[in-house]
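Below: one structure, written as structure tokens.
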Amino acid sequence: MSGPATLAGLAEDYRALREGTGAHRLAHDVVAVTGPDATSYLQGQLSQDVAPIEVGGSSPALLLWPDGKLAALLRVTRTAMDAYALDTDAGFGEVVAVRLAKFKLRTKVDIGPLEWPCVALRGAAVRAAGVRAAPPFELAVDWNGAHGVDLLGPGADGAVPEGARWCGEEAWEALRVEAGIPKMGAELDERTIAAEAHLVERTVSFTKGCYTGQELVARLDARGSRVARRLCGLVVEGAGAEDAVRLAGSSLWAPGREKPVGRVTSAAWCPGLGARGAGGALGALCYLHRSVEVPAEIEWGSEEPGERRPAEARSLPLVA
């Protein structure tokens, strides 16, 4: 992405997502779990307490492998007394379905994909704008300053309020990076431990009883969630929007250390960052070794020390 016209469009989209009513079609997969044993089965498979969720309500949750590593970050929505919709980032619906089916045994549940759209509405004016028609599910979202609702189910597009601005992927990524919202396939994969990505408080119930993968989560929590790395933010001043592609995936070095101390997972041009009047700065999400105390001066780029570029590692969110 480059050029003043493109950056101007990004800035307008971003302003709608922060200050007005911005709409964005989420690339999500949805999996249905239905049947008389649906609640009890999910209670034993997800990290969140499913039983208290009312019909039409939702909660973020983790689906873990038996060793406690992440299968998927998802949202569980109760669609009926014995039916749930689990939505996750695109490309991971099959992972969710396969993982759930693995321990199904004689449980009376059906697991399968749902072709449901999901439209995100974000911005300070979303609540006042309301929705134009009643979608099947209108789900509140509040994650590190990214406020709004998600419209999930058939008719989601038609429920977007009049006057909402449809926003592109670049502005959505800027909002996600600034808020520090991890994404499956970028910040999250089968090697991820929930505590590394600051997911535990949001997605885990410690009172509901046992679930698959619980042991690692509970053990780390008892030890103060001390993990080898954790998700942080990165701000690069003086770089251009075109540098986002190069920054994503880059290794990170701390001054004076020979070995990398982290890796960038996502990068975006962020209008909410940078000096006043600069129009933004390059922002990123990254994992850093626990020995690096943020805020910290970091270098990114080449393996050659003389060709690296400076950045500042910060705690999340980058913009509240």
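The residue pairs whose first member lies in segment 86-99 and is farther than 11 Å from residue 70 by Cβ and in contact (Cβ under 8 Å) with a residue 60 or more places away in the chain, whose second member is surrounded by fewer than 22 Cβ atoms within 10 Å (Cβ to Cβ) and of a type in the set (D, E, K, R), and whose beta carbons are closer than 7 Å, counting only pairs six or more residues apart or on different chains, are 87/75; 89/183. Those helices (runs of 4 or more DSSP H) of segment 120-207 in which 1 or more residues are polar (S, T, N, Q) and in the same structural domain as residue 90 (by TED's automatic domain parsing) are absent. Of everything in segment 235-275 that is out of contact with any helix residue (DSSP H, G or I) (no Cβ under 8 Å at 6 or more places or on another chain) and part of a strand (DSSP E or B), the residue that is farthest from residue 193 (Cα to Cα) is 235. Applying the selection to segment 289-320, what residues are under 21 Å from residue 144 (Cα atoms) and of a type in the set (Ser, Thr, Tyr)? Selection gives 315 alone.
Picking from 296, 218, 313, which residue would you name as being surrounded by fewer than 22 Cβ atoms within 10 Å (Cβ to Cβ), within 28 Å of residue 170 (Cβ to Cβ) and of a type outside the set (Asp, Glu)? Within the list 296, 218, 313, the selection yields 296. Exactly one residue out of 21, 39, 88 is of a type in the set (Ser, Thr, Tyr) and over 30 Å from residue 245 (Cα atoms): that is 39. Out of 303, 312, report the one residue that is of a type in the set (Asp, Glu) and either over 25 Å from the mean Cα position of the chain (by Cα) or closer than 23 Å to residue 193 by Cβ (or both). So the residue among 303, 312 that is of a type in the set (Asp, Glu) and either over 25 Å from the mean Cα position of the chain (by Cα) or closer than 23 Å to residue 193 by Cβ (or both) is 303.
Every test in (1) of a type in the set (Lys, Arg); (2) assigned to a loop (DSSP other than H, G, I, E, B); (3) in contact with a helix residue (DSSP H, G or I) (Cβ under 8 Å, 6 or more places away or on another chain) is passed by residue 230 save one, and that test is (2). Taking every residue in segment 23-49 that is within 13 Å of residue 152 (Cα to Cα) and pairing it with any residue that is in a helix (DSSP H, G or I) and of a type in the set (Phe, Trp, Tyr), at least 6 positions away or on another chain, the pairs with Cβ-Cβ distances below 9 Å are 24/172; 26/172. Condition first: more than 19 Å from residue 301 (Cα to Cα) and surrounded by fewer than 19 Cβ atoms within 10 Å (Cβ to Cβ). Now tell me which residues in segment 230-273 satisfy that. Selection gives nothing.
Please tell me if residue 148 is more than 22 Å from residue 186 (Cα to Cα) and either of a type in the set (Lys, Arg) or surrounded by fewer than 16 Cβ atoms within 10 Å (Cβ to Cβ) (or both). The answer is no for residue 148.
I'd like to verify a number: residues in segment 22-41 that are among the hydroxyl-bearing types (Ser, Thr, Tyr) and surrounded by 24 or more Cβ atoms within 10 Å (Cβ to Cβ), how many? Quick ask: steps written out before the conclusion?
Narrowing segment 22-41 to residues among the hydroxyl-bearing types (Ser, Thr, Tyr): 34, 39-41.
Going one step further and asking which of them are surrounded by 24 or more Cβ atoms within 10 Å (Cβ to Cβ), we end up with none.
Total meeting the criteria: 0.
Return the only residue of 180, 145, 185, 213 being at positive phi, touching a residue at least 40 places away in the same chain (Cβ under 8 Å) and touching a His at 6+ places or on another chain (Cβ under 9 Å). Going through 180, 145, 185, 213 in turn, the sole match is 180. Within segment 206-235, the residues that satisfy the criterion of being more than 19 Å from the chain's Cα centre (by Cα) and small (Gly, Ala, Ser) are 209, 213, 218, 222, 224, 225, 228.
The values are calculated or read from the model by the stated rules, or taken from the named source; none is laboratory data. Predicted model, so just to flag it, every value in this text is computed and none were measured. Every residue, glycine among them, receives a Cβ derived from its backbone with ideal geometry; neighbour counts consider all protein chains shown.
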